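> Quick one: this structure, given as structure tokens, is what I'll be asking you about.
The values are calculated or read from the model by the stated rules, or taken from the named source; none is laboratory data. Since the model is a prediction, treat every value here as computed from it, not as a measurement. Note: ideal-geometry Cβ built from the backbone for every residue, glycine included; neighbour counts use all protein chains shown.
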Amino acid sequence: LDLKIVAEGVEQVDQFELVKQMGIRCVQGYLVSRPETSSRVGNKVLKSNMNHIASTGTSVWLPESS
């Protein structure tokens, strides 16, 4: 079926590591970002030059080491 899976509710790095081990490449949750308006998300994407994420959906976000 070639479905893309999104792990929702990822709030901690250990949860992120678990879904990575499961082969899930897309996550959403407070670990990535608090809820945002669509215009703020658009501005962040444009300012960060991340257009490829929106168009391909293939990027992987890795949290910075603490």
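> List the helices (runs of 4 or more DSSP H) that sit entirely inside segment 1-59 and contain at least 1 residues that are at pLDDT 85 or above.
Details: elements: 13-21, 38-47, 51-56.
Result: 13-21.
> Here is a follow-up. Mind checking which pairs have a first residue in segment 16-45 that is closer than 16 Å to V6 by Cα and a second that is surrounded by 13 or more Cβ atoms within 10 Å (Cβ to Cβ) and acidic (D, E), Cβ under 7 Å, 6 or more apart or different chains?
Partner pairs satisfying both residue conditions: none exist.
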